[in-house]
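Inspection log for the structure reproduced underneath, given as structure tokens.
The values are calculated or read from the model by the stated rules, or taken from the named source; none is laboratory data. What you see is a predicted model, and the numbers here were worked out from it, not measured in a lab. Backbone-built Cβ (ideal geometry, glycine too); neighbour counts: all protein chains shown. Just so you know, the surface numbers come from the protein's heavy atoms only, side chains and all, with ligands and any DNA or RNA stripped out. Shrake-Rupley method; radii C 1.70, N 1.55, O 1.52, S 1.80 Å.
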Amino acid sequence: MNNQLVTIPVPGTSSPIMAVQKDGTEWAAARHICDALGIEWGAQRNKLKGKSWATVLLIDTVGADGKQREMSMVDRRTLTMWLATIDTNRVSEAARPTLEAYQLEAANALDSYFHKGGAINPRAEEHQLNALMRQSQMQMELCQAAKGLIHPDHLEAKARIVLARGLGEAPELNPKTRPLYTADFLKSKNLSNKKMKSVAPMFGKRMKALYTLEKGQEPQKYDLTLPNGQVRQVNGYTEADRPLMQRVWDQYYTTA
């Protein structure tokens, strides 16, 4: 059925997206996404009205119970752009992992479900499932090969996401082992771009020095993908190291 509402898991979160395929286009339920993030759909709808790239429609959908419901939906292109405009610092701390997962995976999950035979798609053919399993297998092999090169907590989180994606489930991640970049910590302090550029280099050096003093060894490295697609290595920290970053901030930057 062209407007059958389906549930699509998004790797990295336990909050799936509700979607339909109509006239060859994929649409996501906007209000359901807002509910998962703890933000008001009304405010987001007004914001989207002023965007030339946004397409929002009311679509009659059919739920699992067979009942028809009119829902506000955004197409896949709008979904990607819209999620990118939502600042992680504007949602609650509890909702940030969900927003980050949506920003990274939602559009891909939507596309994979309808076009690549996603893990829970009942229309998936055997060759599609085999291709998905082979893709997951190769990604797991890369994780195995990266041992000793990437921070082990970061590597474990990556492996859990790959495994959960292959099983069509949400990954079980230990919050304390989530990678934490110094740049993300500083963003949470609501610094201006100019202030960020002046603070970040020395903050990173001071954090590295404190970590080395406390742990008896230098931090390992993460691979960080930049907005331009380039990859560079940065010092590897996790959420468990946030208190150390806060100590550096309190000692040197509180008045800033």
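I'd like the accessible area for Met18, computed on protein heavy atoms only with a 1.4 Å probe and all protein chains in place. Round to 10 Å², please.
Roll a 1.4 Å probe over it and Met18 shows about 40 Å².
Given R₀ = 22 Å, what would the calculated FRET efficiency be for Gln103 paired with Thr212, taking r from the Cβ atoms and rounding to 0.05?
Calculated value: 0.10.
By how many nm would the segment from Asp35 to Tyr253 lengthen if fully extended, with 0.36 nm per residue of separation less the alpha-carbon distance?
74.9 nm
Is the range 1-51 rounded, prolate or oblate when judged by the Cα gyration tensor, a ≥ b ≥ c being the square roots of its eigenvalues, rounded requiring a/c under 1.5 and prolate requiring a/b larger than b/c? Don't jump to the answer; show the numbers that get you there.
Working: a/c = 2.47, a/b = 1.21, b/c = 2.04.
In terms of gyration-tensor shape, oblate.
If you stretched the chain out fully between Asn190 and Lys51, how much longer would it get, using 0.36 nm times the residue separation minus the C-alpha to C-alpha distance?
47.5 nm
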